[in-house]
1. Quick one: P(r) of the range 1-64 from all Cα-Cα pairs, 10 Å bins, percents rounded to integers, in order of increasing distance.
2. Quantify, in whole percent, the carbon and sulfur part of the accessible surface of the chain (1.4 Å probe; protein heavy atoms only).
3. Label-point separation (nm) for Q56 and Q35, each offset 7 Å from Cα along Cα-to-Cβ?
4. Relative to the longest principal axis of the C-alpha atoms of the chain, give the angle of the C-alpha long axis of helix 17-27, reported between 0 and 90° and rounded to the nearest 10°.
5. Compactness ratio of the range 24-102: Cα Rg over 2.2 N^0.38 Å, N = residue count?
6. Keeping every protein chain present and rolling a 1.4 Å probe, give me the accessible area per residue for the chain in Å².
7. Let me have the 222 nm mean residue ellipticity of the chain computed from DSSP H runs of 4+ only, each contributing -39500 (n - 2.57), with the sum over all residues rounded to the nearest 500.
Amino acid sequence: MSNLDTINHVAIAVTDVAAAVDWYTTNFRCQVEYQDKTWAFLEFGNIKLALVVPNQHPPHVAFTHANAESFGTLKTHRDGTRSCYVTDPAGNSVEIMDPESV
């Protein structure tokens, strides 16, 4: 059996972070890990969901990868994680995260 890569989170676009946090926490059992006006991080049992304002953060899927730096220069984010963004062949934003920082 092989080791499979891990999806750390999926980020979806919202226009109002507070309203989206309220909706998700009212309708689902999840915990708010972080929240400000431009994004929030919700933890579920099997994955995290990021709620992002599109002009601040691109909607994306984030993977942890042992060789994240091979995809590009890693940037340290305000939550301490390190990652870079790339695009897949269809133009979707993909975040590649250093597993040592998550």
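The values are calculated or read from the model by the stated rules, or taken from the named source; none is laboratory data. Computed from a prediction, not measured in an experiment: that's the story for all the values here. Note that we place each Cβ from the backbone using ideal geometry, even for glycine, and neighbour counts take in every protein chain shown. Accessible surface is based on the protein model in full, side chains and every heavy atom, while ligands, DNA and RNA are left aside. Shrake-Rupley method; radii C 1.70, N 1.55, O 1.52, S 1.80 Å.
1. 23, 52, 19, 6, 1
2. Using a 1.4 Å probe with all protein chains present, the chain comes out at 51 percent carbon and sulfur.
3. Modelled inter-label distance: 1.3 nm.
4. 80
5. The reported ratio for this selection is 1.14.
6. About 64 Å² of surface per residue is accessible.
7. Result for the chain, helices only: -3500 deg cm²/dmol.
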